[in-house]
1. Compare the peptides 88-100, 266-278 by average per-residue count of other Cβ atoms within 10 angstrom and give them in order, highest first.
2. Once Rh is set to the Kirkwood radius over Cα pairs, what Stokes-Einstein translational diffusion coefficient, in µm²/s, holds for the range 214-301 at a temperature of 10 °C and a viscosity of 1.306 mPa s?
3. Under the Karplus relation 6.51 cos²θ - 1.76 cosθ + 1.60, θ = phi - 60°, what is the ordered set of whole-Hz ³J(HN,Hα) values for the range 179-189, x standing for Gly and Pro?
4. Taking H placed 1.01 Å from N in the peptide plane, check which residues at least 5 places from Phe143 or on another chain put their amide H under 5 Å from its amide H.
5. For the chain, what is the relative contact order in percent, using Cα pairs closer than 8 Å and at least 6 residues apart in sequence?
6. For the range 6-13, what does the Karplus curve 6.51 cos²θ - 1.76 cosθ + 1.60, with θ = phi - 60°, yield as ³J(HN,Hα) per residue in whole Hz, taken in order and with x for Gly and Pro?
7. Classify the range 109-343: rounded, prolate or oblate, from the alpha-carbon gyration tensor (a ≥ b ≥ c, eigenvalue square roots; a/c under 1.5 rounded; otherwise prolate if a/b is larger than b/c)?
8. Can you tell me the dipole magnitude for the chain around its Cα centre, using point charges on the Cβ only (Lys, Arg +1; Asp, Glu -1), in Debye to the nearest 20?
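The numbers here are math on the coordinates, done by the rules we state, and not lab data. Note that the structure is a prediction, hence the values are computed from the model and not measured. Here the Cβ positions follow ideal geometry from the backbone for every residue, glycine too, while neighbour counts run over all protein chains shown.
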Amino acid sequence: MDAYFKKYILDFKRPSGTSRGVLEQKETFLLIIKNQQKWGVGECGIFRGLSIDDVPEYMEKLEWVCQNIENGESFLIENLVQFPSIQFGVEQAFRSLYSKNPFHLFESDFLNREQPISINGLIWMGDVAFMNDQIAQKIDEGFRCIKMKIGAINFKEEVAILEAIRKEYSKERIELRVDANGAFSPKDALEKLHILAQYQLHSIEQPIKAGQKKQMRELCEKTPLSIALDEELIGIFGVTKKKELLQMVKPQYVILKPSLIGGFKGSQEWIELANSLNIGWWVTSALESNIGLNAIAQWTATLNNSMPQGLGTGALFTNNMESPLEVSNGGLYYEQDKTWNYQQINDLCI
């Protein structure tokens, strides 16, 4: 058995804005394992500026994984605690290697019967006209849940956009989520949450920056609007620390991004703790290529969570891998009459 990795740069079709800046490219790494005639592939989806493992020795750690691949998945996962995106790549690659089809990782109706996963339509930050155009497009495409990133333009303008949506669509017709990516200050966050709550939003993700646990707990206690922790989960290792965070902050929801929190295993720990504390959750991709998105989607389909998930990012890139993943009428499908472009995969990594 041997292993190697390759860097791949994903190019955005259009620069995409968040409160942390505008994204034009996304760096990722493909981990390939070979065993005689079989091969498996996983994606180590580092998110520069956000991942806890965005460190200078990242590629050195990937080299270490390849040098120690014979020691097996469990050994590698245990020694990659500080590198959650590599943990996830290792999990994917081994599951891919041992599957009959390297891209069929989890059996489910999503994979075998084209049962869609309900997903939210994502609205990226930009000027008012651009955001309104995106919203109209998502509604035309059949989305019933829209997630809007806020915190980059004037707050009053963002509120005006939400007000316009609500004047035309009730909460029963369109579920609205917003994601502040920590853009609010603790001093004015509660006031802004009361303003946002007027528009019957489902939830807000990470209203203030991560690491302010006392302030976040106070917000979660007083909020008129459900709060979902996102960045707050990054860098929290071990079941004990995870439980301490949830018991202290007591959020209404947590958002699980496998590339940022230790893959399937790390995400499952959060799910079990959240369930035990009556905290809701959903799964979100983090700008992975279709290789990573495929793994996340197939795993998510086994969890039987009926809430809209955040899995629709595959179409953002000009140079993504061709795959059976398709978004239609507010759902993510694994189309049976389509296949992976194996020549493209071979050229990229095999």
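1. Numbers: 88-100: 22.6, 266-278: 16.8.
Ranked from most to least packed, the peptides come out as 88-100, 266-278.
2. Working: Rh = 13.4 Å.
Here the translational diffusion coefficient equals 119 µm²/s.
3. Coupling constants for the range 179-189: 10, 8, 6, x, 6, 7, 8, x, 5, 10, 4 Hz.
4. Gly330
5. Details: 694 pairs, mean separation 70.7, N = 350.
Here the relative contact order equals 20 percent.
6. Once rounded to whole Hz, the list reads 9, 7, 9, 9, 8, 9, 5, 5.
7. Values: a/c = 1.88, a/b = 1.17, b/c = 1.60.
Oblate, because a/c is 1.5 or more while a/b does not exceed b/c.
8. Working: 37 positive and 45 negative charges, 152 e Å.
That gives a dipole near 720 debye.
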